[in-house]
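Step one of this worksheet: look at the structure below.
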Amino acid sequence: MKRLPAAMAMAIASAFAAYAPTAATAAETLRYVLITENGKQAGEQVVERGDDGLTKVRFIYKNNGRGPELTEQIRYHADGTMASYAVQGNSTYGAVVNEQFSVKDGKAAWQSTTERGEKAVAGPAMYVPLNNSFEVASAAISALSAAPDGKLALLPSGTLTQRKLAEAQVTLDGQRRTVQLLAQTGLGLSPQFYWATTGAGTAEKPRLFAVVIPGAFTAIEQGWEANGPALAALQKEAEQKMLAELAATLQHPLNGLTVVKNARVFDSEKAKLGPASDVYVLRGRITAVLPAGSPVRGAVNEIDADGRVLLPGLFDMHGHVGRWEGGLNIAAGVTSVRDMGNDNAQLQQIMDETAAGTLLSPQVVPAGFLEGESPYSANLGFVVKTLPQAKNAIDWYAEHGYPQLKIYNSFPKAILKDTVAYAHSRGMRVSGHIPAGLRAFEALDAGFDEIQHINQVMLNFLATPETETRTLERFVLPADKSAALKFDSKPVKDFIARLAKQKTVIDPTLATFAFLKQKDGDMNTPFAAIAPHMPPDLQRGFRVGTMKIADEATLKRYEQSYAHMVDFVGRLYRAGVPIVAGTDELAGFTLQAELELLVQAGLTPSQALQVATRNGALYTRTSHERGSIAPGKLADLVLVDGDPTKNIGDVRKVAAVITRGFLVYPHEVDRALGIQPFVTAGPALKKLEPVSSNIAGGGNEGALQRIGVSGHRHD
């Protein structure tokens, strides 16, 4: 049921013949192909429905040198729900997946490498595997079409609903078929969109026809691929309408002068908390920062911070933004995201919708993605073979206002130095992964300004020119060998000194790499603090291990290696190497965990906040308008309960966010997304009614009289 194949996996290959439906069905084979945005096939799903009632599925998806492979065996009840389910295979990062489910005598039971459980059932209920193909979504489509109330109970818990958004005609060699766009809610933090057959004129129930993940891929019945772009366009239009409605509900315009009173302002330049202040906002910018209690002149809106901490908007310096995750970022106080690789057209649309105020989203600073041709390519941005092609891509990015270039794993090392030089000549910073066959010091030789991910840094000491870093080896080798790395050795100390001297930025994404040492069934530690607030299916997902960890000795070694990586980031910081805070994982929440890990690495909470504010602005070249709270800068403001300068975990207690001229309450966003709020209510927006004033008179004669008219309270 999960939307992204990268999150899918497999389970065991036994069929539960005893629970088969009584009516046999005609044999049928359905083949789906997975096509990336640049037209390459990245996988397939083959569904074989036997005349004995057994459905077999083979699924594979490979992109960026990794991806799941699975086999499933399923038997269905007459109502379309699963009577038995079994899946085997490997996950995106190689973990063994082995899961089974069955229903017998009114009792459902399930077991996997992650969990086991059972539950009494009465009536139709659909099991949600921890890892699965799109066949499970197809089954849910069919079962929901027959549900009289349009709802379907989920196992272990939850309820799935479905509604039709649009219809379209698709064609193939003179054949015509009507398909419908469905939105399912009840799993994850956003609707899941599927194109389904209608079953019109036949005895068949609706089933899956295509899955469109805008900017990523389209999975569609083989032969019908030419219809994919039209379906994607219709889906984007339908999603845009839903997103605009959500933005209109959750973004409260701040019209006229607004004063945020009595806030303890975090000084990101000095990394310390300042005295209580009143901050004035007009048309999305800060107009004044005055001592708390100063006379108010002409404000029409008032927000009483009541002593809360006021942070500049946080930066996530390693995102891959999507249209549905903006609320997660804003609710976490993330008002700027550096996008480190995306479908170019998709990203331009997101930026346009954000600027127009029709999308609840942070502001995006784009980094242009540049990859080389290989069997391991990540199919984003521009994929090139030659220097002229690379220069053409850089020109496109420069003309579209991209301040930075990101180079990826398969980029041809023979043209690396000339490509970096050309990007610099166009005024762009250059960062990235280390191309295969090279190590980090050679990327610095070529002119890199920044390196992404702690594993790419550690590979400088662990890889050889022959190491295939485009495969899972780029994860396995650091997990296996980092524990033994001697930080006081001359090669390590010399490399750190070089990074510090050249001011090479490191984007470690420590929270993302916690999966390296996660044992299947245990909580992935960066999400432990938020798990109780999440919907049940996400809570389960946080316990799914993704690395293949064969035994306790391997687990201990991987844990030591990860601890070594965290320690290494602290050493970099203390040596003067610039650090930025990025995620590359679940939006918003992962940045909060990243700041906790920076503190674990030895930074103070205030220093970690400085990294997420001042450093973010500095290395996106937006310091003139972001990163601190000062007159003339953008009013990207985050009100926090507690004191994150003392306890960094308090950064999760965001009470209100101001950005792009809107006031957003995180508790409203959380509830809209099915999350239990971290703060139950934010400070009320009070409407002030100005009375006659004589500003020219000086003194306090121009101060507004408080009328005491309360605005809408959000609670």
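The values are calculated or read from the model by the stated rules, or taken from the named source; none is laboratory data. What you are looking at is a predicted structure, and each value in this text was computed from that prediction instead of being measured. Reconstructed Cβ throughout: ideal geometry from the backbone, glycine too, with neighbour counts over all protein chains shown.
Structure data summary
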| item | result |
| --- | --- |
| Filter result for ASP520 (among the acidic types (Asp, Glu), in a loop (DSSP other than H, G, I, E, B), touching a Ser or Thr at 6+ places or on another chain (Cβ under 6 Å) and in the same structural domain as LYS406 (by TED's automatic domain parsing)) | yes |
| Filter result for ALA563 (of a type in the set (Gly, Ala, Ser), surrounded by fewer than 23 Cβ atoms within 10 Å (Cβ to Cβ) and either under 19 Å from GLU450 (Cβ atoms) or in the same structural domain as ARG474 (by TED's automatic domain parsing) (or both)) | yes |
| Of the criteria (1) closer than 29 Å to VAL170 by Cβ; (2) surrounded by 18 or more Cβ atoms within 10 Å (Cβ to Cβ); (3) not acidic (Asp, Glu), which one VAL259 fails | (1) |
| Residue within region 415-435 that is assigned to a strand (DSSP E or B) and among the basic types (Lys, Arg) present | yes |
| Verdict on LEU555 being closer than 15 Å to VAL476 by Cβ and not aromatic (Phe, Trp, Tyr) | yes |
| Single match in LEU311, LEU370, LEU359 (criterion: assigned to a strand (DSSP E or B), closer than 27 Å to ARG652 by Cβ, under 30 Å from the mean Cα position of the chain (by Cα) and in contact (Cβ under 8 Å) with a residue 40 or more places away in the chain) | LEU311 |
| Which listed residue, of LEU160, LEU172, LEU154, is aliphatic (A, V, I, L, M) and farther than 22 Å from LYS107 by Cβ | LEU172 |
| Flag if ASN379 is in a loop (DSSP other than H, G, I, E, B), among the polar types (S, T, N, Q) and either crowded, with 18+ Cβ neighbours inside 10 Å or in the same structural domain as LYS413 (by TED's automatic domain parsing) (or both) | yes |
| Filter pass, GLU99 being in contact with a strand residue (DSSP E or B) (Cβ under 8 Å, 6 or more places away or on another chain), buried (at least 20 other Cβ atoms within 10 Å of the Cβ) and within 30 Å of LYS517 (Cβ to Cβ) | yes |
| Region 87-127: number of residues that are outside any strand (DSSP E or B) and charged (D, E, K, R) | 2 |
| Given (1) part of a strand (DSSP E or B); (2) over 30 Å from ILE434 (Cα atoms); (3) modelled with pLDDT under 95; (4) of a type in the set (Gly, Ala, Ser), index of the condition SER84 fails | (3) |
| So ARG177, is it more than 27 Å from PRO68 (Cβ to Cβ), surrounded by 14 or more Cβ atoms within 10 Å (Cβ to Cβ) and either in the same structural domain as TRP224 (by TED's automatic domain parsing) or modelled with pLDDT under 95 (or both) | yes |
| Residue within region 389-407 that is of a type in the set (A, V, I, L, M) and in a loop (DSSP other than H, G, I, E, B) present | no |
| Boolean, THR525 is over 18 Å from GLN607 (Cα atoms), touching a strand residue (DSSP E or B) at 6+ places or on another chain (Cβ under 8 Å) and buried (at least 16 other Cβ atoms within 10 Å of the Cβ) | no |
| Residue match in region 496-508 (condition: within 20 Å of LEU189 (Cβ to Cβ) and among the β-branched types (Val, Ile, Thr)) | no |
| Scope region 136-164; condition over 21 Å from ALA230 (Cβ atoms) and assigned to a strand (DSSP E or B); matching residues | LYS151, LEU152, ALA153, LEU154, LEU155, THR159, LEU160, THR161, GLN162, ARG163 |
| Close pairs from region 482-493: first touching a residue at least 24 places away in the same chain (Cβ under 8 Å) and in the same structural domain as ARG439 (by TED's automatic domain parsing), partner surrounded by 14 or more Cβ atoms within 10 Å (Cβ to Cβ) and not in a helix (DSSP H, G or I), Cβ under 8 Å, at least 6 apart | VAL492/LEU485 |
| The listed residue being closer than 28 Å to ASN64 by Cβ, over 23 Å from the mean Cα position of the chain (by Cα) and either among the basic types (Lys, Arg) or surrounded by fewer than 21 Cβ atoms within 10 Å (Cβ to Cβ) (or both), out of GLY223, GLY199 | GLY223 |
| GLU450 under 17 Å from THR509 (Cα atoms), out of contact with any Gly (no Cβ under 6 Å at 6 or more places or on another chain) and surrounded by fewer than 22 Cβ atoms within 10 Å (Cβ to Cβ) | yes |
| Any hit, region 112-120, residues being out of contact with any Pro (no Cβ under 7 Å at 6 or more places or on another chain), buried (at least 21 other Cβ atoms within 10 Å of the Cβ) and under 20 Å from LYS56 (Cβ atoms) | yes |
| Hits in region 437-480 - residues which are assigned to a loop (DSSP other than H, G, I, E, B), over 16 Å from VAL566 (Cα atoms) and either within 26 Å of the chain's Cα centre (by Cα) or not assigned by TED's automatic domain parsing to the domain that holds ASP584 (or both) | PHE448, ASP449, THR469, ARG470, THR471, LEU472 |
| From GLY602, GLY674, GLY649, GLY616, residue being over 20 Å from THR258 (Cα atoms) and over 25 Å from the mean Cα position of the chain (by Cα) | GLY602 |
| SER145, sole failed condition from (1) surrounded by fewer than 22 Cβ atoms within 10 Å (Cβ to Cβ); (2) touching a strand residue (DSSP E or B) at 6+ places or on another chain (Cβ under 7 Å); (3) hydroxyl-bearing (Ser, Thr, Tyr) | (2) |
| Filter result (crowded, with 24+ Cβ neighbours inside 10 Å and assigned to a loop (DSSP other than H, G, I, E, B)) within region 283-307 | ALA305 |
| Verdict on ASN329 being touching an Asp or Glu at 6+ places or on another chain (Cβ under 8 Å), crowded, with 21+ Cβ neighbours inside 10 Å, at negative phi and not in a strand (DSSP E or B) | yes |
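Residue by residue, here is whether (1) out of contact with any strand residue (DSSP E or B) (no Cβ under 8 Å at 6 or more places or on another chain); (2) modelled with pLDDT under 95 holds:
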site	(1), (2)
GLN346	yes, yes
ALA378	no, yes
LEU416	no, no
VAL420	no, no
ALA446	yes, no
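Every residue, every condition in (1) among the aromatic types (Phe, Trp, Tyr); (2) out of contact with any Lys or Arg (no Cβ under 9 Å at 6 or more places or on another chain); (3) outside the structural domain of THR504 (by TED's automatic domain parsing), yes or no:
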{"residue": "LEU597", "(1), (2), (3)": "no, yes, no"}
{"residue": "ILE648", "(1), (2), (3)": "no, yes, yes"}
{"residue": "ARG660", "(1), (2), (3)": "no, yes, yes"}
{"residue": "PHE678", "(1), (2), (3)": "yes, no, yes"}
